[in-house]
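*Asks:* Before anything else, here's the structure in question.
The values are calculated or read from the model by the stated rules, or taken from the named source; none is laboratory data. In this text the structure is predicted, and so the values were computed from the model without any measurement. Cβ sites come from the backbone with ideal geometry, for glycine too, and all protein chains shown count toward neighbours.
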């Protein structure tokens, strides 16, 4: 038999779900990202033509989501590196809160600058 | 106090929950509840226990979805209202009702080289291990494992990767890696290396969250990850 | 795949993670700064075109992500689809190489700005 949500309902497991989810989504986004920047091979005008898409509210919303994914994966990843490479100490329990805080601040800063 | 509404898993891998009503008592443990059902309601109920005081590690079950030792889990702490759901441990084949087949769990201790190998005999003097040394402190942090299987049951990596050695076996390996008397460090590090060993751990920390002895297999597994990588890079293994 | 290779893959993912930690931090700050007056080709290319520093930075960034992401993907696929063995290793390896080449194409694009 397998565990259900009751066994998984604790902070470090939520952190895992965020880390895995963001990792997979960012991996899927990368080829698209590289393709978009590759438009510059055909000159600034072509790249600008593509970038006009980013004026749409839905695309802006998706961009904020991507920044949140990236900052969450970064902050969660730093947390994992600390847990894996440093000897465990009590203060490391606060890492999770710090990681969540840092990623939200980054996404918020991006959002406030974007709109 | 109202009676407890208890649902207990019946059958093997295929089966279902059967409901029982059990009188509630003060300081009642989950094991008390299971024992009441077996003695008063249905003598065919199969479950395991021995010491009843948190030493032997044989009475672990899944209580309201969470792996726990039942002899030292008070009903008042885990009952949702007056409801208890009691199932066998996860990640292990169910033999009958609340009894699981623990063979793979203990076989993995052997695969992780959980056996101490020294270089001296009883004829020689005791080894002197400095209590304040880094190694001895690491051993202390992991040595109180009672082999109950709660961490193994709580670990999703075990579910997703059937070859994964699991938290208990790796915790055991970590205590031996830090045992300065042991002579098989390289073999042990090789045994716990890679995708079926310590490097499969995703730091869910479920094992640490659920360990009834308050140990942190996650910390030990992290130590193994570093030690194995260092040994691999240096050519020791 | 040998245990030794698996350990080295784990190590490569962690070391690339450390590099990415720095790169992503710079990337986030750059992005937050760049979007202040809207995203435009002039803004991006004005910064990157002909800049050896940004070219070097993005080359390291792409190399690190092309190591980091496929190793993660290999683990995710093996756990979620119960898929293990040579087929998986080859697929994720090819994915990593494609990511590296595709990424370098983008780096070259913003470096040359189409003027090459």
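*Asks:* Which is within 25 Å of residue A:14 (Cβ to Cβ), crowded, with 22+ Cβ neighbours inside 10 Å and touching a helix residue (DSSP H, G or I) at 6+ places or on another chain (Cβ under 9 Å), of B:193, B:168?
*Replies:* B:168 is the lone residue from the list that is within 25 Å of residue A:14 (Cβ to Cβ), crowded, with 22+ Cβ neighbours inside 10 Å and touching a helix residue (DSSP H, G or I) at 6+ places or on another chain (Cβ under 9 Å).
*Asks:* While we're looking at this one, here's another question. Looking only at segment A:1-18, filter to residues that are surrounded by 20 or more Cβ atoms within 10 Å (Cβ to Cβ) and touching a strand residue (DSSP E or B) at 6+ places or on another chain (Cβ under 9 Å); which one of those is farthest from residue A:83 (Cα to Cα)?
*Replies:* It comes out as A:3.
*Asks:* For residue C:29, all conditions in the list (1) outside any loop (DSSP other than H, G, I, E, B); (2) modelled with pLDDT under 95; (3) more than 20 Å from the chain's Cα centre (by Cα) hold save one; what is the number of the exception?
*Replies:* (3)
*Asks:* Examine segment A:33-41 for a residue that is in contact (Cβ under 8 Å) with a residue 40 or more places away in the chain and either surrounded by 13 or more Cβ atoms within 10 Å (Cβ to Cβ) or at positive phi (or both), and state whether such a residue exists.
*Replies:* no
*Asks:* Can you tell me which residue in segment A:66-97 is nearest to the chain's Cα centre (by Cα), limited to those that are loosely packed, with under 14 Cβ neighbours inside 10 Å and over 20 Å from residue C:15 (Cβ atoms)?
*Replies:* Applying the filter and picking the extreme gives A:97.
*Asks:* Another one. Just checking, does segment B:98-107 include any residue being modelled with pLDDT of 95 or more, part of a helix (DSSP H, G or I) and within 14 Å of chain C (Cβ to nearest Cβ)?
*Replies:* Taking every residue of segment B:98-107 in turn, none turns out to be modelled with pLDDT of 95 or more, part of a helix (DSSP H, G or I) and within 14 Å of chain C (Cβ to nearest Cβ).
*Asks:* If the requirement is being without any contact (Cβ under 8 Å) to a residue 60 or more places away in the chain and closer than 30 Å to residue B:160 by Cα, which of these qualifies: C:104, C:31, C:18, C:1?
*Replies:* Answer to the selection: C:18.
*Asks:* Of everything in segment B:99-110 that's out of contact with any helix residue (DSSP H, G or I) (no Cβ under 7 Å at 6 or more places or on another chain) and touching a residue at least 40 places away in the same chain (Cβ under 8 Å), which residue is nearest to residue B:169 (Cα to Cα)?
*Replies:* Within segment B:99-110, the match that is nearest to residue B:169 (Cα to Cα) is B:106.
*Asks:* May I pose another question? When residues of segment A:19-32 are filtered for being within 7 Å of chain C (Cβ to nearest Cβ) and surrounded by fewer than 16 Cβ atoms within 10 Å (Cβ to Cβ), how many remain?
*Replies:* So the count comes out to 1.
*Asks:* Can we say residue C:76 is within 21 Å of residue C:109 (Cβ to Cβ) and either buried (at least 21 other Cβ atoms within 10 Å of the Cβ) or within 14 Å of chain B (Cβ to nearest Cβ) (or both)?
*Replies:* In short, no.
*Asks:* Here is a further query. Within 14 Å of chain B (Cβ to nearest Cβ) and out of contact with any strand residue (DSSP E or B) (no Cβ under 9 Å at 6 or more places or on another chain): which single residue out of C:44, C:15 fits that description?
*Replies:* Sole residue among the options that is within 14 Å of chain B (Cβ to nearest Cβ) and out of contact with any strand residue (DSSP E or B) (no Cβ under 9 Å at 6 or more places or on another chain): C:15.
*Asks:* Which numbered condition trips up residue B:77, out of (1) touching a residue at least 24 places away in the same chain (Cβ under 8 Å); (2) under 30 Å from residue B:19 (Cβ atoms); (3) more than 13 Å from chain A (Cβ to nearest Cβ)?
*Replies:* The single condition residue B:77 does not satisfy is (1).
*Asks:* Related question: Between C:81, C:99, C:45, C:88, which is closer than 29 Å to residue A:17 by Cβ, over 18 Å from the mean Cα position of the chain (by Cα) and surrounded by 15 or more Cβ atoms within 10 Å (Cβ to Cβ)?
*Replies:* So the residue among C:81, C:99, C:45, C:88 that is closer than 29 Å to residue A:17 by Cβ, over 18 Å from the mean Cα position of the chain (by Cα) and surrounded by 15 or more Cβ atoms within 10 Å (Cβ to Cβ) is C:88.
*Asks:* If you don't mind, there's one more thing I want to ask. What tally of residues in segment A:62-71 results from selecting those that are without any contact (Cβ under 8 Å) to a residue 40 or more places away in the chain and either facing chain C (nearest Cβ under 9 Å) or under 20 Å from residue C:41 (Cα atoms) (or both)?
*Replies:* The number of residues fulfilling the criteria is 2.
*Asks:* Only residues that are in a loop (DSSP other than H, G, I, E, B) and within 10 Å of another protein chain (Cβ to nearest Cβ): list them for segment C:82-96, please.
*Replies:* C:82, C:84
*Asks:* Just a yes or no: is a residue in segment C:103-113 buried (at least 17 other Cβ atoms within 10 Å of the Cβ), closer than 24 Å to residue A:43 by Cβ and either in contact with a strand residue (DSSP E or B) (Cβ under 9 Å, 6 or more places away or on another chain) or away from chain A (no Cβ under 13 Å) (or both)?
*Replies:* Looking for residues that are buried (at least 17 other Cβ atoms within 10 Å of the Cβ), closer than 24 Å to residue A:43 by Cβ and either in contact with a strand residue (DSSP E or B) (Cβ under 9 Å, 6 or more places away or on another chain) or away from chain A (no Cβ under 13 Å) (or both), one finds none in segment C:103-113, hence no.
*Asks:* Please find, among B:46, B:79, the residue that is buried (at least 18 other Cβ atoms within 10 Å of the Cβ) and within 26 Å of residue A:6 (Cα to Cα).
*Replies:* Selected residue: B:79, the only one of B:46, B:79 that is buried (at least 18 other Cβ atoms within 10 Å of the Cβ) and within 26 Å of residue A:6 (Cα to Cα).
*Asks:* May I pose another question? Please tell me if residue A:59 is away from chain B (no Cβ under 14 Å), over 29 Å from residue B:219 (Cβ atoms), at pLDDT 90 or above and more than 15 Å from the chain's Cα centre (by Cα).
*Replies:* So residue A:59 fits the description; yes.
*Asks:* What tally of residues in segment B:38-69 results from selecting those that are assigned to a loop (DSSP other than H, G, I, E, B), more than 13 Å from the chain's Cα centre (by Cα) and more than 14 Å from every other protein chain (Cβ to nearest Cβ)?
*Replies:* The total comes to 12.
*Asks:* Of all helices (runs of 4 or more DSSP H) completely enclosed by segment B:161-237, which ones contain at least 1 residues that are under 15 Å from residue A:88 (Cα atoms) and within 13 Å of another protein chain (Cβ to nearest Cβ)?
*Replies:* Per the criteria, B:167-177, B:206-210, B:217-233.
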